[in-house]
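Below you'll find the structure, written out as structure tokens, and then a few comments.
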Amino acid sequence: MNKETTLDARQKAIVTIAAFTTTGDTARLKPALNEGLDAGLTVNEVKEVLVQMYAYAGFPRSLGGIWTFMGVMDERKAKGIEDEMGKEASPLPADFNRDAYGARVRADLSGLKEVPKEDAPYQKFAPIIDTYLKEHLFADIFARDVLTRQERELATIACLASLGRAEGPLGFHMGAAMNTGLSKGQMHDFVKVLDAEVGKDEADSAGKVLAKVLEARK
């Protein structure tokens, strides 16, 4: 099938790694990690997916995924498998403006040409969460160039779809994933990967959210 209508092996691995890290299902995470490395993900790319999960699923799940990955790496090393480490994150400039960078990234993911001048209600109600979102999530994390924004959004929607009862954030991030270049066909394929690898309930819920996102984008 056309690459524009399906996810490739690396992308599918990001989906399953993020999903099983979120649910804490280490028994299914182990083969997903192996499949990701075999599909061409570098060690540092896998680490980056696992680390990012703390922002959405919490430190316990993220750390659980990291411990599982450490075990997988030990097993692969014992078998004589040499995995590519991959690049490290580039250093940020000394004058890096986290607030401005994070605001711009969020606007880009939202499909906006300009950063909104008016704050949303939640930003006014709890300004500190907006600071964390801009300066930490969309700056500290997204500025790390080990993964692309598209790969980060793919991991995010896999996490939110597996988390459950997160339809609002999932809808936003599905739109953001498409704003990074994922096609309609690839988004449908994402739901198929959930159905085949993660669970029918997760796939059904994600499919309903995707239908609303696609309708709104017409």
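The values are calculated or read from the model by the stated rules, or taken from the named source; none is laboratory data. Keep in mind it's a predicted model, so treat the numbers as computed, not measured. Note that each Cβ is placed from the backbone with ideal geometry, even for glycine, and that neighbours are counted across all protein chains shown. Side chains included, ligands, DNA and RNA excluded: accessible areas come from the protein's heavy atoms. Shrake-Rupley method; radii C 1.70, N 1.55, O 1.52, S 1.80 Å.
Annotations
- Solvent-accessible surface of the chain, averaged per residue with a 1.4 angstrom probe and all protein chains in place: 53 square angstrom.
- Solvent-accessible surface of protein heavy atoms, probed at 1.4 angstrom with all chains present, puts MET73, MET85, MET174 in the order MET85, MET73, MET174, largest first.
- Folded to 0 to 90 degrees: helix 43-52 orientation relative to the chain principal axis, Cα: 40
- Mean silhouette area of region 121-190, derived from the convex hull of its C-alpha atoms and averaged over all directions, reads 5.3 nm².
- Here region 17-92 is treated as an ellipsoid with the same Cα gyration tensor; its semi-axes, largest first and in whole Å, are 19, 17, 10.
- Relative contact order (%) - region 3-91, alpha-carbon pairs under 8 angstrom, separation at least six: 31
- For the chain, alpha-carbon Rg over 2.2 N^0.38 Å: 1.01
- On region 68-142, 58 percent of the accessible area sits on carbon and sulfur atoms, based on a 1.4 Å probe.
- Förster radius 35 Å - calculated FRET efficiency between ASP201 and ASP95, Cβ distance, rounded to 0.05: 0.15
- Structure-based [θ]222 nm, the chain - -39500 (n - 2.57) summed over DSSP H runs of at least 4, per residue, nearest 500: -20000 deg cm²/dmol
- Over region 49-106: Rg over Rh, Cα atoms, Kirkwood Rh: 1.13
- Solvent exposure, largest accessible area first (probe 1.4 Å, DNA, RNA and ligands not counted), of ASP38, ASP119: ASP38, ASP119
- Region 60-218 - percent relative contact order, Cα under 8 Å, separation 6 or more: 20
- Neighbours of GLU35 by Cβ distance under 13 Å: Lys/Arg scored +1, Asp/Glu scored -1, total +1.
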